[in-house]
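K.L.:
Pasting in a structure now, in structure tokens, and then I'll have a few things to ask.
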Amino acid sequence: MRFFENFHTFVSIGPISIQWYAIVILTGAVIAYLLGQYHFKQLGYDKEILSDYFFALLFIGIIGARIWYVIFTFNDFYANNPIEIFAVWHGGLAIQGGIFTGLIYSYYFFKKRNIPFLVAGDAIMPGVLIAQACGRWGNFFNHEAFGGDVSLSFLQSLHLPNFIIDNMYIQGAYHHPTFLYESLGNIFSFLLIIFVIRKFQKHIGVQFFSYFVCYGVVRFFVEGLRTDSLMLGPIRMAQLISIVFIIVGLIGIIYVHQKGIHKDEFQVE
């Protein structure tokens, strides 16, 4: 057993290696799961209801994120080597695809258990921001999802640890640590929703829709700095989807304020 044999690898056991990419993604998913359990318990539900949900959601989310990435990069990376599509540990997950498949599965799961979708969304979606913040560190360890060229002095001016600065030197140049920008933006969004929006929330669903607004804003601006965006012609897909998220989130917040269930009126059946 060998730990940290290179920057990308957490541990190697014989021919099998576990990458940091997998470690940080799973860590983020577990944190989101525990936060969801806590919030479900606060609402009066059995916190264990998320046990079955979590493992299926993780699997479905990864599949959705992978499919979304492969669709937009097939000719570049997979046309000549289709088997590489299944090598998720090499990187290449587009989180917005995972959000779409995750939402579809979540609607089915909670409808089947007679739990209002927006109630579940309020309990779960803020934690997704923490999962995404952790997941961006997987991009760091894989040396991917970085931004355009910058100078060493620029990175030093950000007062970053040396291990981040050193590993932003990729392909002969220093780059914007966009993984870090988005990770910090998602953590800030989580804190905003939990400690401000949640405190003043009056209607079910506000936290759920706030997730889309906050994540959409963060991703839109960070995506503009990246060099590896998934493109649809001249359009950065992540920015387009981020705009959709912001619009849907704002419309959703307005809707629940006007016609939604007041949180004081909600009771667990």
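K.L.:
Which condition breaks for residue 19 when tested against (1) among the polar types (S, T, N, Q); (2) over 23 Å from residue 170 (Cα atoms); (3) touching a strand residue (DSSP E or B) at 6+ places or on another chain (Cβ under 7 Å)?
P.N.:
Just one mismatch for residue 19, condition (2).
K.L.:
Taking interchain pairs and intrachain pairs at least six residues apart, which have beta carbon atoms under 9 angstrom, with the first residue in the range 160-173 and within 16 Å of residue 145 (Cα to Cα) and the second among the charged types (D, E, K, R) and assigned to a strand (DSSP E or B)?
P.N.:
These pairs meet every condition: 173/149.
K.L.:
Could you list, in sequence order, all residues of the range 205-218 that are open to solvent by 20 Å² or more (accessible area, probe 1.4 Å) and farther than 13 Å from residue 126 by Cβ?
P.N.:
217, 218
K.L.:
Filter the range 27-53 down to residues that are touching a Leu at 6+ places or on another chain (Cβ under 8 Å) and of a type outside the set (Phe, Trp, Tyr) and give me whichever is farthest from residue 266 (Cα to Cα).
P.N.:
Applying the first criterion (touching a Leu at 6+ places or on another chain (Cβ under 8 Å)) to the range 27-53 yields 29, 33, 36-37, 40.
Next, from what is left, pick out any that are of a type outside the set (Phe, Trp, Tyr): 29, 36-37.
Numbers: 29: 28, 36: 18, 37: 19 Å.
Checked the range 27-53; the qualifying residue farthest from residue 266 (Cα to Cα) is 29.
K.L.:
Here is a further query. Scan the range 112-125 and tell me whether some residue there is outside any helix (DSSP H, G or I), touching a strand residue (DSSP E or B) at 6+ places or on another chain (Cβ under 7 Å) and surrounded by fewer than 15 Cβ atoms within 10 Å (Cβ to Cβ). Steps first, answer last, please.
P.N.:
Narrowing the range 112-125 to residues outside any helix (DSSP H, G or I): 113-116.
From what's left, touching a strand residue (DSSP E or B) at 6+ places or on another chain (Cβ under 7 Å): none.
Checking the range 112-125: not a single residue is outside any helix (DSSP H, G or I), touching a strand residue (DSSP E or B) at 6+ places or on another chain (Cβ under 7 Å) and surrounded by fewer than 15 Cβ atoms within 10 Å (Cβ to Cβ).
K.L.:
From the set of residues in the range 138-184 that are at positive phi and not small (Gly, Ala, Ser), which is surrounded by the fewest Cβ atoms within 10 Å (Cβ to Cβ)?
P.N.:
Step one: list which residues in the range 138-184 are at positive phi, which gives 143, 145, 159, 171-172.
Subset that is not small (Gly, Ala, Ser): 143, 159, 171.
Values: 143: 17, 159: 6, 171: 9.
So, considering only residues that are at positive phi and not small (Gly, Ala, Ser), the one surrounded by the fewest Cβ atoms within 10 Å (Cβ to Cβ) is 159.
K.L.:
Test residue 239 against the criterion of being polar (S, T, N, Q), open to solvent by 70 Å² or more (accessible area, probe 1.4 Å), without any contact (Cβ under 8 Å) to a residue 24 or more places away in the chain and assigned to a helix (DSSP H, G or I), and give yes or no.
P.N.:
For residue 239, the condition - polar (S, T, N, Q), open to solvent by 70 Å² or more (accessible area, probe 1.4 Å), without any contact (Cβ under 8 Å) to a residue 24 or more places away in the chain and assigned to a helix (DSSP H, G or I) - is not met.
K.L.:
Evaluate the range 250-259: report whether one residue or more is in a strand (DSSP E or B) and either open to solvent by less than 70 Å² (accessible area, probe 1.4 Å) or over 30 Å from residue 42 (Cβ atoms) (or both). Even if it seems obvious, please write down each step before you answer.
P.N.:
Within the range 250-259, the first condition is being in a strand (DSSP E or B), and the residues that meet it are none.
No, every residue in the range 250-259 fails to be in a strand (DSSP E or B) and either open to solvent by less than 70 Å² (accessible area, probe 1.4 Å) or over 30 Å from residue 42 (Cβ atoms) (or both).
K.L.:
Restricting attention to the range 51-109, and to residues there that are open to solvent by 10 Å² or more (accessible area, probe 1.4 Å) and outside any helix (DSSP H, G or I), which single residue is nearest to residue 241 (Cα to Cα)?
P.N.:
94
K.L.:
Let me ask something else. Looking only at residues that are surrounded by fewer than 16 Cβ atoms within 10 Å (Cβ to Cβ) and without any contact (Cβ under 8 Å) to a residue 60 or more places away in the chain in the range 15-33, which one is nearest to residue 145 (Cα to Cα)?
P.N.:
My answer is 18.
The values are calculated or read from the model by the stated rules, or taken from the named source; none is laboratory data. A quick note: this is a predicted structure, and the numbers were derived from the prediction, not measured. Please note: Cβ atoms are built from the backbone with ideal geometry, for glycine as well, and neighbour counts cover all protein chains shown. Calculation scope for accessible area: heavy atoms of the full protein, side chains included, ligands and nucleic acids excluded. Shrake-Rupley method; radii C 1.70, N 1.55, O 1.52, S 1.80 Å.
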